[in-house]
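Right, one structure below, let's go through it.
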Amino acid sequence: MRDINKTAYIFSIVLIVLCNKTSFSAQTNFNKKSLEELFNEAQKTNNKTKKIEYLQDFVSLAKKEKKKNKIFAGYYLLASTYNNQTKLTYLDSIINATKNAPTKNYPSIAYNAKAIYLQNQGLNQKAIDNFLLSNKYAYVGNNETIINLNNFAIASVKRTIEEYEEAKILFKKTLNFSNVKNISSLNTISLISLSNVSYELEEVDSATYYNKLGISKTLKNNDVKNYHHFAVNQGIVHYIKKEHDIALDSLLKHKPYFLKNKDSINLSYIHFYLGKIYQDKGDKELATKYYKKIDSLLNLKLNLTPKFRESYVYLINKFKQENDLKNQLFYIERLLDFDSVVYSKTNYLSKTIFKEYDIPNLKKEKKNIVKKMNDDHALFVKSISIIGALLGIAILFLIYQSYKRKQYKKKFLAIIKNSQFKQTENSNDIKSIDIPEEIIKDVLIQLKDFENNRNFLNKKITLNSLAKDLNTNSNYLSKIINHYKKTSFSNYINNLKIEYIISEIKSNPILKKYTVKAIADEAHFNNAESFSKAFYKLKGIKPSYFLKKISNIEFNNES
């Protein structure tokens, strides 16, 4: 989901507040009004023409009184009334007057406002340059608020051009800052942005973490809009995890809110993932329905995400297969428009290695359709190429699966051959690890007894509890295990439990019929998930695979 509009909103509010903090005196009148009165009149009126007149009088009086900060504040407020080149003229006036003698707020807020304007015009690289200049002067003025707001904006631009890792680093900084300074609005949008880049990177655990945190916060604060945003993001996470039905339920449940509020950008994201879900399910009609909705919602003048390109490619292919020339031509033209905008704003196409539909090919195909030169042989060749590519992918997939099965089998046989239950061997070489030799020897002897007596079969065992049982401290015990057992304490305990349970399964046929959950309990793990992770980490295969294979093997009593 997108956060660009919200970025500009937060910046505007914060920076106008900065301007409004400027104190005004009523010492001198201009046209019978003081600076304070002119400022207040400009703030009260909703008439743009009158607002500009008041602010121009304000600047004139500030110049007459030689109050530079008031002049700059007036220029900034005048700039905020325009959304064209005049805005840049006022902002550049502030920049030129203050860049050689910067203050706490100037010229940093002028560069910032200029960057936001350029960002909204889709000039992302120029926007970043101005955000960086704003940061440069904000550092001079030690203005942490502007520095972090700039970092947030730069991160938003980086997300737009798909530089997700760099964006994530900056979003984390703004989240930490908002926590320290207790800036609720920045905190919420930082959480949303971190959720966004996490699912873009398919880091589902991180995305889920930020979504849960955000949902809890928005429910507590009755923040309805952002609650729905986090909930939809979690639906996208379920899609990435291939949990299509859960994702579908989540997206459809929260879609009405964005529909009611006419949030076309976030609706486009919802429809995009609904289309992908139905495409994965093989439902072409519903996939087409939602991909069409994206096109109907998009305004090519707004910031676009390159990922929406997939919907046009799908629609073009579908209508091409149906020999529907009219619709095929329509979506080719739409894709050409889309590409031209995205290319100019993000350089996306120039960075893409493989493009099924690059601009020259699209134009050529458009020309062929317009002339109704539907060459059956060419279509046949293209179909064969696609089939060949799919067969190639299928063959590579089968080769990979075969390789994976062989590796699993190899690891399984290694377990069967080598994994008789035995205690971890201790080294007789007492090396210096800043612990007296007598203590090391004593602890190693006690650890051997600990292993022989299978005292590790205790769900509640901890480093501190074992250290207490061995009459030593946890720091010594941790160092000794790390050095002599070549692993951490938790891995040491887990490995002992896994070797034990493998030996038990081999000697007890009944255990072969147990579920993974039951085996985890027999091995004295707290749950099946922690057992499975520890088993895979030690043996390189999943316990479910091991149990399936070992159920077909018979062992004698000596095995």
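The values are calculated or read from the model by the stated rules, or taken from the named source; none is laboratory data. The shown structure was predicted, so the numbers you read here are calculated from the model rather than taken from an experiment. Neighbour counts are summed over all protein chains in view; Cβ atoms, including those assigned to glycine, are modelled from backbone coordinates with ideal geometry. Accessible surface areas use protein heavy atoms only, side chains included; no ligands, DNA or RNA. Shrake-Rupley method; radii C 1.70, N 1.55, O 1.52, S 1.80 Å.
For residues in the range 188-233 being of a type in the set (Lys, Arg) and under 26 Å from GLU162 (Cβ atoms), which is modelled with the highest pLDDT? Explain how you work it out, then say what you get.
Here is the first cut: in the range 188-233, the ones of a type in the set (Lys, Arg) are 212, 217, 220, 225.
Now drop any that are not under 26 Å from GLU162 (Cβ atoms), which leaves 212, 225.
Working: LYS212: 95, LYS225: 89.
Across the range 188-233, the extreme among qualifying residues is LYS212.
How many of the residues in the range 189-205 are in contact (Cβ under 8 Å) with a residue 12 or more places away in the chain and open to solvent by 10 Å² or more (accessible area, probe 1.4 Å)? Walk me through it before giving the result.
Residues of the range 189-205 that are in contact (Cβ under 8 Å) with a residue 12 or more places away in the chain, as a first pass: 189-202, 204.
When the remaining residues are screened for being open to solvent by 10 Å² or more (accessible area, probe 1.4 Å), the result is 200-202, 204.
Counting residues in the range 189-205 that are in contact (Cβ under 8 Å) with a residue 12 or more places away in the chain and open to solvent by 10 Å² or more (accessible area, probe 1.4 Å) gives 4.
Please work out which residue is modelled with the highest pLDDT, limiting yourself to the range 398-440 and to residues that are basic (Lys, Arg) and closer than 18 Å to LYS486 by Cβ.
Start the filter on the range 398-440 by keeping residues that are basic (Lys, Arg), which leaves 404-406, 409-411, 417, 422, 431.
Subsequent filtering for residues that are closer than 18 Å to LYS486 by Cβ retains 422, 431.
Values: LYS422: 48, LYS431: 59.
Here the residue is LYS431.
If a residue has to be assigned to a loop (DSSP other than H, G, I, E, B) and either among the basic types (Lys, Arg) or surrounded by fewer than 16 Cβ atoms within 10 Å (Cβ to Cβ) (or both) to count, how many in the range 515-528 make the cut?
Kept after step one, since they are assigned to a loop (DSSP other than H, G, I, E, B), are these residues of the range 515-528: 515, 523-527.
Subset that is either among the basic types (Lys, Arg) or surrounded by fewer than 16 Cβ atoms within 10 Å (Cβ to Cβ) (or both): 515, 526-527.
Final tally of qualifying residues: 3.
Scan the range 43-60 and give yes if some residue there is within 26 Å of TYR139 (Cβ to Cβ), of a type in the set (Phe, Trp, Tyr) and buried (at least 17 other Cβ atoms within 10 Å of the Cβ), otherwise no. Let's see the steps before the verdict.
Initially, the range 43-60 is screened for residues within 26 Å of TYR139 (Cβ to Cβ), giving none.
Checking the range 43-60: not a single residue is within 26 Å of TYR139 (Cβ to Cβ), of a type in the set (Phe, Trp, Tyr) and buried (at least 17 other Cβ atoms within 10 Å of the Cβ).
Counting only residues that are closer than 19 Å to HIS524 by Cβ and within 37 Å of the chain's Cα centre (by Cα), which one in the range 462-489 is most open to solvent (accessible area, probe 1.4 Å)?
THR462
For the subset of the range 275-302 comprising residues that are in contact with a Lys or Arg (Cβ under 7 Å, 6 or more places away or on another chain) and either surrounded by 15 or more Cβ atoms within 10 Å (Cβ to Cβ) or part of a loop (DSSP other than H, G, I, E, B) (or both), which member is modelled with the lowest pLDDT? Lay out the reasoning, then the answer.
Within the range 275-302, the subset in contact with a Lys or Arg (Cβ under 7 Å, 6 or more places away or on another chain) is 284, 288, 295.
Next cut, either surrounded by 15 or more Cβ atoms within 10 Å (Cβ to Cβ) or part of a loop (DSSP other than H, G, I, E, B) (or both) only: 288, 295.
Details: THR288: 95, ASP295: 82.
So the residue we want is ASP295.
How many residues are in a loop (DSSP other than H, G, I, E, B) and either touching a residue at least 12 places away in the same chain (Cβ under 8 Å) or crowded, with 22+ Cβ neighbours inside 10 Å (or both) if we restrict to the range 70-118?
Result for the range 70-118: 9.
List the number of the failed condition for LEU379; all other conditions in (1) open to solvent by 90 Å² or more (accessible area, probe 1.4 Å); (2) assigned to a helix (DSSP H, G or I); (3) modelled with pLDDT under 70 hold.
Failing condition for LEU379: (1).
For residues that are outside any helix (DSSP H, G or I) and free of Cβ contacts under 8 Å to residues at least 24 places away in the same chain, scanning just the range 529-553, find the one that is surrounded by the fewest Cβ atoms within 10 Å (Cβ to Cβ). Reasoning before the result, please.
Here is the first cut: in the range 529-553, the residues outside any helix (DSSP H, G or I) are 540-542, 551-553.
Next, only the ones that are free of Cβ contacts under 8 Å to residues at least 24 places away in the same chain stay: 542, 552.
Details: LYS542: 15, ASN552: 7.
Ranking the candidates gives ASN552 first.
From (1) open to solvent by 50 Å² or more (accessible area, probe 1.4 Å); (2) in contact with a His (Cβ under 8 Å, 6 or more places away or on another chain), pick out the condition that doesn't hold for VAL232.
Condition not satisfied by VAL232: (1).
Any idea which of ASN124, ASN148 is modelled with pLDDT of 85 or more and at negative phi? So that I can check it myself, show each step before the final result.
Details: ASN124 fails: modelled with pLDDT of 85 or more.
Just one listed residue meets the conditions, ASN148.
Would you pick out the residues in the range 156-187 that are surrounded by 17 or more Cβ atoms within 10 Å (Cβ to Cβ), part of a helix (DSSP H, G or I) and modelled with pLDDT of 85 or more?
Those that are surrounded by 17 or more Cβ atoms within 10 Å (Cβ to Cβ), part of a helix (DSSP H, G or I) and modelled with pLDDT of 85 or more: TYR164, ALA167, LYS168, LEU170, PHE171, THR174, LEU175, PHE177, SER178, LEU186, ASN187.
Filter the range 124-154 down to the residues that are in contact (Cβ under 8 Å) with a residue 60 or more places away in the chain and either within 26 Å of VAL341 (Cβ to Cβ) or touching a Pro at 6+ places or on another chain (Cβ under 7 Å) (or both) and list them by number.
Result: ASN124, PHE152, ALA153.
Would you be able to tell me the number of residues in the range 195-247 that are closer than 18 Å to PHE171 by Cβ, assigned to a helix (DSSP H, G or I) and out of contact with any helix residue (DSSP H, G or I) (no Cβ under 7 Å at 6 or more places or on another chain)?
Looking only at that region, the number is 3.
Do we find that LYS32 is modelled with pLDDT under 90, over 30 Å from ASN124 (Cβ atoms) and among the charged types (D, E, K, R) in this structure?
On the way: modelled with pLDDT under 90: yes; over 30 Å from ASN124 (Cβ atoms): yes; among the charged types (D, E, K, R): yes.
Judged against the criteria, LYS32 is a match.
Residue-wise test of (1) under 23 Å from GLU310 (Cα atoms); (2) open to solvent by 30 Å² or more (accessible area, probe 1.4 Å).
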{"residue": "LYS241", "(1), (2)": "yes, yes"}
{"residue": "LYS253", "(1), (2)": "no, yes"}
{"residue": "PHE258", "(1), (2)": "yes, no"}
{"residue": "LEU267", "(1), (2)": "yes, no"}
{"residue": "HIS271", "(1), (2)": "yes, no"}
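If you check LEU133 against the conditions, is it farther than 19 Å from PHE72 by Cα, at pLDDT 85 or above, buried (at least 17 other Cβ atoms within 10 Å of the Cβ) and touching a helix residue (DSSP H, G or I) at 6+ places or on another chain (Cβ under 9 Å)?
On the way: farther than 19 Å from PHE72 by Cα: no; at pLDDT 85 or above: yes; buried (at least 17 other Cβ atoms within 10 Å of the Cβ): yes; touching a helix residue (DSSP H, G or I) at 6+ places or on another chain (Cβ under 9 Å): yes.
Taking the combined requirement at face value, the residue does not satisfy it.
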